[in-house]
Amino acid sequence: MRKLPRDLISGINSAPGLVGALVLLQLVIMRAFASVRDGRVFVLGRELRWECWFKRGLGFPCPTCGLTRSVILTLHGRAGEAWQQNPAGLLLVCGLVLLGLALLYLAFYRTRHTPHDSGAIRRRIRSATKVYAHLLVAVLFAHWLVELASR
């Protein structure tokens, strides 16, 4: 498994509240500026004309096909439509919200407890993140297999 860049790890260790706030802010910005209409993605009212090179070249969708639409639909509260596009989008948004909140909690906790105590919480967050990452990949590939089988 690929390791996270040292800059990101040191940022999470030294300023978890900032990293958590930025994760949540990114979701808020995406919700404010991106939308899905008629299966097409718009940012600031302009259509993104992305085409999956995998699908174009091989003739069948990749595991992440529909993920952008699913994430945006989830952010707009349209969970049913998001699930139909790609169930991993719901999981991705929920995971990012939980990660952002957990990092904010860690920052708040660190101000009131010893570094040793906050280290235990940091380890729990890392463990949960690893489990979440495996679950996300499993959902992506399960959705992909269902899509391929239904063709």
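The values are calculated or read from the model by the stated rules, or taken from the named source; none is laboratory data. Source: prediction; values computed, not measured. All Cβ positions, even for glycine, are placed from backbone atoms using ideal geometry, and neighbour counts span all protein chains on display.
Structure notes:
- Only residues that are in a loop (DSSP other than H, G, I, E, B) and under 21 Å from V137 (Cβ atoms) were counted across region 62-80, and they come to 5.
- Failed condition for H113, given (1) surrounded by 12 or more Cβ atoms within 10 Å (Cβ to Cβ); (2) within 21 Å of the chain's Cα centre (by Cα); (3) without any contact (Cβ under 8 Å) to a residue 24 or more places away in the chain: (2)
- Matching option when the condition is under 30 Å from G39 (Cα atoms), under 17 Å from the mean Cα position of the chain (by Cα) and not hydroxyl-bearing (S, T, Y), among L90, L58, L148: L90
- Which listed residue, of A107, A138, A133, is within 16 Å of the chain's Cα centre (by Cα), closer than 23 Å to M30 by Cβ and of a type outside the set (V, I, T): A133
Quick grid of which residues meet (1) assigned to a loop (DSSP other than H, G, I, E, B); (2) modelled with pLDDT under 95; (3) of a type in the set (D, E, K, R):
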residue: F60; (1), (2), (3): yes, yes, no
residue: G89; (1), (2), (3): no, no, no
residue: V93; (1), (2), (3): no, no, no
residue: Y109; (1), (2), (3): no, yes, no
residue: D117; (1), (2), (3): no, yes, yes
residue: I121; (1), (2), (3): no, yes, no
residue: H134; (1), (2), (3): no, no, no
residue: V146; (1), (2), (3): no, yes, no
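- Options L73, L44, L90, L98: the member that is out of contact with any Cys (no Cβ under 9 Å at 6 or more places or on another chain), without any contact (Cβ under 8 Å) to a residue 40 or more places away in the chain, over 19 Å from L145 (Cα atoms) and crowded, with 16+ Cβ neighbours inside 10 Å: L73
- Condition check for R126: closer than 25 Å to G20 by Cα, touching a residue at least 40 places away in the same chain (Cβ under 8 Å) and assigned to a helix (DSSP H, G or I): no
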